[in-house]
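Have a look at the structure below, then the notes.
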Amino acid sequence: MKLRSTTARWGAALLAIGTLLTSSARADDQRQLIESKESLYNNIYVYKEGDYYAMTFGYNRKIYTESIYNSKDDRDLPVTYTRYMTEALAYAKNVHSILEIGFGGGRTSWYLHRFLPGVSVTSVELDPEVEALAKKYFGIKDEPNFHLVNQDGRIFLMHSTDKYDIILIDAYRGPFVPFQLLTKEFYQIVKDHLSDGGVVAQNVEPTTMLFDSAVKTIQSVFPQTDFYVADGNVVTIAYDGAPKDQAALSTIAKQRQTELNLRYPLVDMLAQRRGLQANTIDPNAKVLTDDFAPVEALKAIENHNRKWPDPSASSSK
Amino acid sequence: MAGSVCEQQQISGGFVQALLLVNAFFVGSVLMGFEMLGSRYLFPYFGGGIGTWAGLISTVLLALTLGYFAGGAVVDRHPSPRVIATCCGIAAAYLAVVPASADPLMMGIMNDIGDGPSGILLAAACLLLVPLSFLGTFSPVAVRLLLRSTAETGRIAGMVYGVSTIGNIFGTLFTTFYLIPTIGSREITYVYAAVLALCALSMLIVPRPRA
């Protein structure tokens, strides 16, 4: 009797999961799979929907979308957080060189390259197949001042003596979180590669306890951190030195906007700038180190009730 | 009188057997636990890809290969629990120096040899090969020590490998899902060294069985 009821429960659960899977697949039916590739690091899928190409890792195309490209307009950034990554331009003292760790479809770095053709943009991507597919479908071309390096981001930095004005970190890959790119030692290496007045922008997924630890870790190396809540993601901008006030940032944002004529104006995005409230970050969150970085366990703890101060409140600071 | 001597040996035999199996479990746990932990030492320098795992796994299997051959050969000449005590002791001592020396070593290998397959294999070998080779001697040695007649060879060999593999499973899961999320990798390494030191000690107090 007990066995029967357990079996029945499992059966019902499986049925429910099955229904869920087929219905979500149906919702995505207009997307057409145009290429899939199994690389050393990922299972990569490229989908096409109208003029848009999407790169995803793993079968779950709803969750693990890495990059979306508008083939009719290579200055379009369809994914909201990638626009906020460019807000680093309002913070950096100079903009001569930009480094990106985690290229994916290359949207953010290509956008920056198109609007700042005179600036050296280097992007480091671990997976050569991701690079190849980005060149095939995402409009990435070999051009002067645009450099693609096929290497692990941390290893690249450890071997490099170059300094950068802006370092963008977006190396989360679908469900995989490489712990060695989230530790205090890693951010110290990143900081050592910033030129004077340089800044770091990072995309951090905010729904789990990993966010709290990641923020604490970034703050253990960088005295200043600003946050931009961007459509389900959070972009963190970290820098050394004194805090920058809204007026100063606004001045640089306006000045660079005039110079660069960016599609997504820095001044508009600046309005979304936030600091932290006392209860935004869990007080029990620990700084991650090469020694202690339980990223998988932290990622399993959901934390949805995050309190962000009003954008207007932090702008007065 | 004769009866009590026989009883004495019976008890001591059962005790030795149990102790060897307990050791089989813990040595197996540390062996696979340290393989999982090896990834935490290697990833910052060589990346977290399938290449690093291939280096780790093949190094562990090489260590087991060496341990099996060497352990089998040595125990036939010296059929004594002291062999296990010595091997566990050396492995414990090696693990005890890993936390302080691993980072400069990994950094040096990365800089001099690179982060390709040869760098990964050399780094994995430096980290794992010595201690795990010594731990790899455990199973053939334990089989020889537990064996009293050829008629029970299959049962004894099966039991030693079975218990040690249960230890492997426990070590893998406990390290990954409890130890790594709770304490740091360096501290875990010290815990392993302490466990192995206890195994070594336990084998020193065991009386030498009749050859």
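Please identify which residues in the stretch A:78-103 have an amide N closer than 17 Å to a label point set 7 Å out from the Cα of A:His147, following the Cα→Cβ vector. So the set is A:95-103. Taking 17 Å as the straight-line reach from the Cα of A:Lys141, the lysines in range (excluding those fewer than 8 positions away in the same chain) are A:Lys72.
Let me make sure I get this right: for the stretch A:152-244, a, b and c are the square roots of the gyration tensor eigenvalues over alpha carbons, sorted descending. Under 1.5 in a/c it's rounded, otherwise prolate if a/b > b/c, else oblate. Which is it? It is oblate, given that a/c is not under 1.5 and a/b is not larger than b/c. Distances between placed amide hydrogens fall under 5 Å for A:Asn43 paired with A:Gly58, all partners being 5 or more residues away or on another chain. Over all other residues within a Cβ to Cβ distance under 9 Å of A:Arg75, the charged ones net out to -1, with Lys and Arg as +1 and Asp and Glu as -1.
In this Cβ point-charge picture (+1 for Lys and Arg, -1 for Asp and Glu), the protein assembly as shown has a dipole of about 1400 debye about its Cα centre.
Could you give the length gained by full extension between A:Ile301 and A:Arg75, i.e. 0.36 nm per residue of separation minus their alpha carbon distance, to one decimal place?
Values: separation 226, 0.36 × 226 = 81.36 nm, distance 3.66 nm.
Computed gain between A:Ile301 and A:Arg75 is 77.7 nm.
Using the average count of surrounding beta-carbon atoms within 10 Å as a protection proxy, the listed peptides B:55-64, B:127-136, A:201-210 rank, highest first, as B:127-136, A:201-210, B:55-64. Counting only residues at least eight positions apart within a chain, or on another chain, the lysines with an alpha carbon under 17 Å from that of A:Lys244 are A:Lys93, A:Lys254, A:Lys317.
Once the dipole of the stretch B:88-211 is set up with Lys and Arg at +1 and Asp and Glu at -1 on Cβ about the Cα centre, which of B:Gly184, B:Thr172, B:Ala102 lies farthest towards its positive end? After comparing all options, I get B:Thr172. With 20 Å bins beginning at zero, the pair-distance distribution over Cα atoms of the protein assembly as shown amounts to 19, 43, 27, 9, 1, 0 %. In this simple spin-label approximation, A:Gln188 and B:Leu198 carry label points 7 Å from Cα along the Cα→Cβ vector, and these lie 3.3 nm apart.
The alpha carbon gyration tensor of the stretch A:212-317 gives principal lengths a ≥ b ≥ c with a/c of 1.5 or higher and a/b greater than b/c, which makes the shape prolate. For the stretch A:132-234, DSSP calls about 50 percent of its internal beta bridges antiparallel. Per-residue ellipticity at 222 nm, computed for the protein assembly as shown from helices alone with -39500 (n - 2.57) per DSSP H run of at least four residues, works out to -17500 deg cm²/dmol. Summarising the amide proton neighbourhood of A:Glu100: residues at separation of 5 or more, or on other chains, whose placed amide H is nearer than 5 Å comprise A:Thr122, A:Ser123, A:Val124, A:Leu168.
For the stretch B:1-134, the dipole from Cβ point charges (+1 on Lys and Arg, -1 on Asp and Glu) about the Cα centre works out to 180 debye, to the nearest 20. Determine the shielding of peptide A:145-156 by partner chains: average, over its residues, the number of Cβ atoms on other chains within 10 angstrom of each Cβ. That average works out to 2. Given R0 = 51 Å, the distance between the Cβ atoms of A:Asp51 and B:Tyr190 translates into a calculated FRET efficiency of 0.30.
A short reminder: the numbers here are calculations on the coordinates, not readings from a lab. Worth saying up front: this structure is predicted, and the values here are computed from it rather than measured. Counting neighbours? That spans all protein chains shown, and the Cβs are built from the backbone with ideal geometry, glycine included.
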